[in-house]
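Student: Have a look at this one.
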Amino acid sequence: MAGFTTKAIHTPFLKKDTHGSLRMPVYDTVAFEFDTAEELQTAFLGQKPRHAYSRITNPTIEHLEQKVKNLTDAFAVVAVASGMAAIANVVLSIAGQGDNIITTKHVFGNTYSLFEKTLGPWGLKIRYADFSKPTTIKKLIDSNTRAIFFEAITNPQLEVASIKVLAKIARESKILLIGDTTVTPLYFFSGQDSGVDIEVISATKYISGGATTIGGLIIDNGTYDWRNNPRLKNEARKYGQFTLVTRLKREVARNVGACLSPHNAYLQSLGLETLALRADRSSENALGLAKFLARQPRAVKINYPGLKSSPYYTVARSQFKGNFGALLTFDLSSREACFSFLNKLKLIRRATNINDNKTLAIHPASTIFCEYSPELKTEMGVAETMIRIAVGIEDLEDLTADLKQALEE
Ligand SMILES: *Cc1c(COP(=O)(O)O)cnc(C)c1O
């Protein structure tokens, strides 16, 4: 069987291109024409699926979905407008008023906000466990629990839960396991092999090929028996394994309308072709920078799962095929010291976002988490003294030189 990059480059088109184009063209169009009224009807009934309207399906977007399917052996893949759209569409499809999902406070800031501020008032209950202590998860499960939601490496705390343990708990309780696997891209992490039922990914990050476009992916590994979710029981009888995809394509994703643009799908297909090269290089750089920082007296609490001193080293190594991602954090003495360090950087950019080709630095407490109270920030593991570096693919010596000069008094 072909390797990751070979598959990423050579995934065939579902239909041969009329002009023999080697790259899937950008179908920047809204609607598709039919020869007869009958064909139009069968397309709408789903009896003979064809592209009709680009909010629902489009050849360029379908090709991206096809590539991801080929790379992951997933049951189905649905591309949407952003990582947030992927999470929102999945949760809206599987839960509703009175239901609960179990997660941790150590999740991406906007994900926490989506759950608490946006979906909470619609009647979704969010229960918080400590994923490093699996018994705290079990205690929260009841007959209204619809899913356990985790992040493969939490951002910015960089905690790594044992996904096999989460999968075991989910399976025993017949609950869906949803993983946000953005920072451990498909190249070095297989959700399917680890028992994750549904993966949500911000394609904006690694997959877009260097922060070119916003995008999101929903990967259905085909492992969940949808009859176990009371809300989807009837649909599950009719659609079986296709239950979530049908619900997304014929209802939730269609109606919410957070569709990917064909142009973004084109760039993300292109990004997948170099994903392995960029993921290896940026994680080598991250390890290099973490080791460098460990020797700098002003930088403390160097946090990178690839350092042998990290409490997550062993579990990360076994889960992520020896790759530890490209995010690291460290602490300085105060918020002022953090700001002064950031302001001295010359090559590394002051910006949010991760997995760009460029290395980016940010002070999470005053930016991504600025809307939360000091107490909540502490619960979320976001210290006032913490700097996050999202490592890119530049030459390591240039990055260490920039860190060195910015850390000087
Ligand atoms: C960026 C990010 C998201 C949100 O993705 P967008 O594409 O920006 O909507 C969700 N989860 C994680 C872990 C992220 O890093």
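Student: Identify, from the list Thr204, Thr274, the residue that is of a type in the set (S, T, N, Q) and over 14 Å from the mean Cα position of the chain (by Cα).
Tutor: Answer to the check: Thr274.
Student: While we're looking at this one, here's another question. I'd like to check something: does segment 275-282 contain any residue that is in contact with a helix residue (DSSP H, G or I) (Cβ under 8 Å, 6 or more places away or on another chain) and either over 22 Å from Leu217 (Cα atoms) or polar (S, T, N, Q) (or both)?
Tutor: Scanning segment 275-282, I find no residue that is in contact with a helix residue (DSSP H, G or I) (Cβ under 8 Å, 6 or more places away or on another chain) and either over 22 Å from Leu217 (Cα atoms) or polar (S, T, N, Q) (or both), so the answer is no.
Student: Separate question: Which residue pairs have Cβ atoms closer than 7 Å, lie 6 or more positions apart in sequence or on different chains, and pair a first residue in segment 238-266 that is closer than 16 Å to His51 by Cα with a second residue that is surrounded by fewer than 17 Cβ atoms within 10 Å (Cβ to Cβ) and acidic (Asp, Glu)?
Tutor: Final answer for the pair search is Pro262/Asp28.
Student: Further, regarding this structure: Which of the residues that make up segment 135-166 are away from the ligand (no atom under 16 Å from the Cβ), in contact with a helix residue (DSSP H, G or I) (Cβ under 7 Å, 6 or more places away or on another chain) and over 21 Å from Val90 (Cβ atoms)?
Tutor: Listed by number, the residues that qualify are Lys138, Ser162, Lys164.
Student: Let me ask another. What number of residues within segment 153-189 are closer than 21 Å to Phe4 by Cα and assigned to a loop (DSSP other than H, G, I, E, B)?
Tutor: Residues in segment 153-189 being closer than 21 Å to Phe4 by Cα and assigned to a loop (DSSP other than H, G, I, E, B): 9 in total.
Student: For segment 57-97, give me each residue that is assigned to a loop (DSSP other than H, G, I, E, B), over 23 Å from Asn229 (Cα atoms) and away from the ligand (no atom under 16 Å from the Cβ).
Tutor: Thr57, Asn58, Asp73 - these are the residues of segment 57-97 that are assigned to a loop (DSSP other than H, G, I, E, B), over 23 Å from Asn229 (Cα atoms) and away from the ligand (no atom under 16 Å from the Cβ).
Student: Oh, and also: Which one of these is exposed (fewer than 13 other Cβ atoms within 10 Å of the Cβ) and either in contact with a Pro (Cβ under 8 Å, 6 or more places away or on another chain) or among the β-branched types (Val, Ile, Thr) (or both): Val90, Val80, Val30?
Tutor: Being exposed (fewer than 13 other Cβ atoms within 10 Å of the Cβ) and either in contact with a Pro (Cβ under 8 Å, 6 or more places away or on another chain) or among the β-branched types (Val, Ile, Thr) (or both) holds for just one of Val90, Val80, Val30, which is Val30.
Student: Now for a separate question. Return the residue satisfying two criteria in turn: it lies in segment 297-336 and is without any contact (Cβ under 8 Å) to a residue 40 or more places away in the chain and aliphatic (A, V, I, L, M), and of such residues it is farthest from Asp356 (Cα to Cα).
Tutor: Val300
Student: Applying the selection to segment 188-205, what residues are more than 17 Å from Glu65 (Cβ to Cβ) and of a type outside the set (D, E, K, R)?
Tutor: The answer is Phe188, Phe189, Ser190, Ser194, Gly195, Val196.
Student: For Ile201, are the conditions met, namely being assigned to a helix (DSSP H, G or I), in contact with a Pro (Cβ under 9 Å, 6 or more places away or on another chain), within 13 Å of the ligand (Cβ to nearest atom) and in the same structural domain as Ala95 (by TED's automatic domain parsing)?
Tutor: No.
Student: Out of all the residues in segment 57-79, which are within 20 Å of Leu177 (Cα to Cα), in contact with a helix residue (DSSP H, G or I) (Cβ under 8 Å, 6 or more places away or on another chain) and not hydroxyl-bearing (Ser, Thr, Tyr)?
Tutor: Across segment 57-79, the qualifying residues are Val68, Asp73, Ala74, Phe75, Ala76, Val77, Val78, Ala79.
Student: Next question. Here are the criteria: (1) surrounded by 14 or more Cβ atoms within 10 Å (Cβ to Cβ); (2) within 30 Å of Arg146 (Cα to Cα); (3) in contact with a helix residue (DSSP H, G or I) (Cβ under 9 Å, 6 or more places away or on another chain). Tell me which single one Gly46 does not satisfy.
Tutor: Unmet condition: (1).
Student: Within segment 204-245, track down each residue that is assigned to a helix (DSSP H, G or I), surrounded by fewer than 24 Cβ atoms within 10 Å (Cβ to Cβ) and within 16 Å of the ligand (Cβ to nearest atom).
Tutor: Residue satisfying the conditions is Ser208 alone.
Student: Helices (runs of 4 or more DSSP H) wholly in segment 309-402 with at least 1 residues that are assigned by TED's automatic domain parsing to the domain that holds Ser283 and within 21 Å of Thr104 (Cα to Cα) - which ones?
Tutor: Ranges flagged: 313-319, 374-379.
Student: Quick check on this structure: which one of Arg295, Arg335 is in contact with a His (Cβ under 8 Å, 6 or more places away or on another chain) and surrounded by fewer than 17 Cβ atoms within 10 Å (Cβ to Cβ)?
Tutor: It is Arg335.
The values are calculated or read from the model by the stated rules, or taken from the named source; none is laboratory data. Keep in mind that what you see is a predicted model, and the values were worked out from it rather than measured. Glycine gets a Cβ as well: all are built from the backbone with ideal geometry, and neighbour counts include every protein chain shown.
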